[in-house]
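The values are calculated or read from the model by the stated rules, or taken from the named source; none is laboratory data. Not measured: the values here are computed from a predicted model. Note: ideal-geometry Cβ built from the backbone for every residue, glycine included; neighbour counts use all protein chains shown. Accessible surface is based on the protein model in full, side chains and every heavy atom, while ligands, DNA and RNA are left aside. Shrake-Rupley method; radii C 1.70, N 1.55, O 1.52, S 1.80 Å.
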Amino acid sequence: FQLSPAQINDMLRAGELSHKTLDLNGKNANSVLRFESNQLASNSPMEDRRSAATCLQTAGMMFGVFDGHAGAACAQAVSERLLHYIAVSLMSRQSLEEIELAVEAMKPVRPILQWHKHPNDVEYREITSQYFENLRVYWQHLLDLDTELGFSLEEAMICAFKRLDSDISLEVQAPQESELMRNIALQVAFSGATACVAHIDGVHLHVANTGDCRAVLGVREEDGTWSTLPLTRDHNAYDEFEIRRLKREHPRSEEKTLFVNDRLLGILMPSRAFGDVQLKWSKELQHSILENSCDVEALNIYQYVPPNYHTPPYLTAEPEVTYHKLRSKDKFLVIASDGLWEMLSNEKVVKLVAGHLTELNMQKPSLTFKKPVNLGYMHNLLLQRKSKGLASLDQNIATHLIRHAIGSNEYGEVDPEKLAAMLTLPEDLARMYRDDITVTVVYFNSETIEDY
């Protein structure tokens, strides 16, 4: 089955999303210049999700990448909900009181986030009202805390991650209005998702990470060379800190069985994740919830209890939060699911983004016009650009990275035949060669950062 270059581009570009931060009075005061994002599925349906939003009641923008496993349900729920939980954690007491009063009086609530979504992004519309109710319970809890100072950003992110995971666990234990909502709650709790979220406010960059998505900064040094600054650690069996943490949390008798074949209890690659209640709850709780389930299929899928399951929980959604103060030499941030990092190293990713920036900049001058401009002149200009191959350059950097991730040969160049082969693998085979890939690249405004 042969794909034409145009068909390859169509497939690669279907999930493209980009957003430019608007200038205020011609001056862009935001440290985020723009972001570009894309996704390519391997699983059917795709298990990765992404989110991007501007906080309307606090300063800052947020970007998240979520990698689901055992289905897409948990990643879907976390992508819809987590940024709201973080935003609420950051709001002032006065703002929270205003929202609560509006809800009580059944008046419209001022929006908390302005989402930047792709038209194909799906939502659990049936359960939105329940999600809102539980978010409300959370902000009521924050109001009850009676702290005037509020959370630091790191505390807000940790609290939001843990609270959402706790809500996911409680929702499946609570009685539900309908069979559909019960089934969604079951799927969300028994599937899982890793998450990496960046919050950018002026020069302040915080990254909260749970699992094995990754965030890497591209830095342009004074001599013009590029360097990489990783802002996350992969939480898995290859990480010494994670191994030590889990050993501290469980009896010595379990040291040999915590990781089997480099997987947590022999089952899960990441050692931190949302959902996955079968690695968090007692066996008794799992059985009682599943026995009351109306979803017979779920019973068969979820009733597996791993061997050596003695002292749960084995899994946590608590994130590790990294703070970085942005400098004018920090040019971009790449957040991506492990589908990208399995194929390309941190250094290779930064090199590709940097090279792409250079190429895009080289494109611009070629459009300076001699006056007067006529159609013949324009036609020639376009032909020149086409002959240089610039017309085919991906405008979206995330697409460029995905193209290289699945199509690169041993010399680091994209091989059209390999690319076509990787895109036409049958569903059952695709997963053996590549994972779902989700990439978001955030470009920084160096001038604004300099002004800070």
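Scan region 316-337 and report the pairs whose first residue is farther than 28 Å from Glu450 by Cβ and open to solvent by 10 Å² or more (accessible area, probe 1.4 Å) and whose second residue is among the polar types (S, T, N, Q) and not in a strand (DSSP E or B), with Cβ atoms within less than 6 Å and a gap of 6+ or a chain change.
Listed by first residue and then by second, the contacts come to nothing, as the list is empty.
Residues are listed down the side, and each one gets a yes or a no for (1) more than 25 Å from Lys256 (Cα to Cα); (2) not β-branched (Val, Ile, Thr):
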position: Gly275; (1), (2): no, yes
position: Asn292; (1), (2): yes, yes
position: Val305; (1), (2): no, no
position: Glu318; (1), (2): no, yes
position: Glu347; (1), (2): yes, yes
position: Val350; (1), (2): yes, no
position: Val353; (1), (2): yes, no
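Residues to consider are Thr21, Thr58; find the one that is at pLDDT below 95, polar (S, T, N, Q) and in contact with a strand residue (DSSP E or B) (Cβ under 6 Å, 6 or more places away or on another chain).
On the way: Thr58 fails: in contact with a strand residue (DSSP E or B) (Cβ under 6 Å, 6 or more places away or on another chain).
None of the other options fit; the residue is Thr21.
Are any of the residues in region 116-130 surrounded by 12 or more Cβ atoms within 10 Å (Cβ to Cβ), at pLDDT 95 or above, within 23 Å of the chain's Cα centre (by Cα) and part of a helix (DSSP H, G or I)?
Scanning region 116-130, I find no residue that is surrounded by 12 or more Cβ atoms within 10 Å (Cβ to Cβ), at pLDDT 95 or above, within 23 Å of the chain's Cα centre (by Cα) and part of a helix (DSSP H, G or I), so the answer is no.
List the residue pairs whose Cβ atoms are under 9 Å apart, where the first residue sits in region 339-361 and is among the acidic types (Asp, Glu), the second is at pLDDT below 95 and surrounded by fewer than 17 Cβ atoms within 10 Å (Cβ to Cβ), and the two are 6 or more positions apart or on different chains.
If the second residue must be at pLDDT below 95 and surrounded by fewer than 17 Cβ atoms within 10 Å (Cβ to Cβ), the pairs left are Glu359/Leu390; Glu359/Leu393.
Give me a count of the residues in region 323-344 that are under 19 Å from the mean Cα position of the chain (by Cα) and polar (S, T, N, Q). It would help to see each step written out before you state the result.
Going through region 323-344, the residues under 19 Å from the mean Cα position of the chain (by Cα) turn out to be 323-324, 332-344.
Retained after the next criterion (residues that are polar (S, T, N, Q)): 337.
Summing the residues that are under 19 Å from the mean Cα position of the chain (by Cα) and polar (S, T, N, Q) in region 323-344 gives 1.
In this structure, does Arg182 turn out to be open to solvent by 20 Å² or more (accessible area, probe 1.4 Å) and more than 30 Å from Asn134 (Cβ to Cβ)?
no
Please work out which one of (1) open to solvent by less than 10 Å² (accessible area, probe 1.4 Å); (2) outside any strand (DSSP E or B) is the condition Asn38 fails and give its number.
Only one criterion in (1) open to solvent by less than 10 Å² (accessible area, probe 1.4 Å); (2) outside any strand (DSSP E or B) is unmet by Asn38, namely (2).
Only one residue in Leu217, Leu229 is open to solvent by 50 Å² or more (accessible area, probe 1.4 Å), under 22 Å from Leu344 (Cα atoms) and in contact with a Leu (Cβ under 7 Å, 6 or more places away or on another chain). Which one? Please lay out each step first, then the result.
Details: Leu217 fails: open to solvent by 50 Å² or more (accessible area, probe 1.4 Å).
Checking each option against the conditions leaves just Leu229.
Looking at region 66-91, I want the residues that are in a helix (DSSP H, G or I) and modelled with pLDDT of 95 or more and have a partner that is of a type in the set (Lys, Arg) and open to solvent by 10 Å² or more (accessible area, probe 1.4 Å) with Cβ atoms under 7 Å, at least 6 apart or on another chain. Which pairs are those?
Ala75/Arg49; Gln76/Arg49; Ser79/Arg49; Ser79/Arg50; Tyr85/Arg163
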